[in-house]
Amino acid sequence: MSESDLIFDLHCLQRRTARKRFRKDILDAWDNLCAYCGSDRAHTLDHIIAKAKGGPTKRGNLLAACPTCNLAKSDLDWFVWFRSQLFWSHERELAIWNWLSYNHEASIAAREYEELCRIPLKLPVADVDS
């Protein structure tokens, strides 16, 4: 194993660990409850503005969501979709608006994840014996 291989593995480990902390930080902020329906099965993150519509993978654009809501919302506008659901509640809508207006730059997990994502991964170089 070369020095490049070790550096590659180190970057992957750091990025993976940062991603896990980033996800856990968001899920914990929502008490592991779906931001939409309130279910305690929230183990996915939903892009409020869908990635398909240019939504960034940043903390302020991600909500804890149960798989059912995440799949049902798809790439629809969250506000229109949420308002049409039988489980809609004023309290959860306000919580989502508060999340959207909050300054997420203060989150340590978000900063660490974004900083690590800026570092390009170096692919391992195979040792070629002459």
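The values are calculated or read from the model by the stated rules, or taken from the named source; none is laboratory data. Computed from a prediction, not measured in an experiment: that's the story for all the values here. Cβ coordinates were reconstructed from backbone atoms using ideal geometry, including for glycine residues, and neighbour counts include every protein chain displayed. Keep in mind that these areas ignore ligands, DNA and RNA; they rest on the heavy atoms of the full protein, side chains included. Shrake-Rupley method; radii C 1.70, N 1.55, O 1.52, S 1.80 Å.
Summary of values
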read-out: Candidates ARG23, ARG19 - the one that is in contact (Cβ under 8 Å) with a residue 60 or more places away in the chain, basic (Lys, Arg) and not in a loop (DSSP other than H, G, I, E, B); value: ARG19
read-out: Where GLN85 falls short, out of the listed (1) in a loop (DSSP other than H, G, I, E, B); (2) under 26 Å from ARG16 (Cα atoms); (3) at pLDDT 95 or above; value: (2)
read-out: In region 36-71, residue least open to solvent (accessible area, probe 1.4 Å) [restricted to those that are part of a loop (DSSP other than H, G, I, E, B) and of a type in the set (Ser, Thr, Tyr)]; value: TYR36
read-out: Residue ID - nearest to GLY60 (Cα to Cα), chosen from residues in region 1-28 that are modelled with pLDDT of 85 or more and acidic (Asp, Glu); value: ASP25
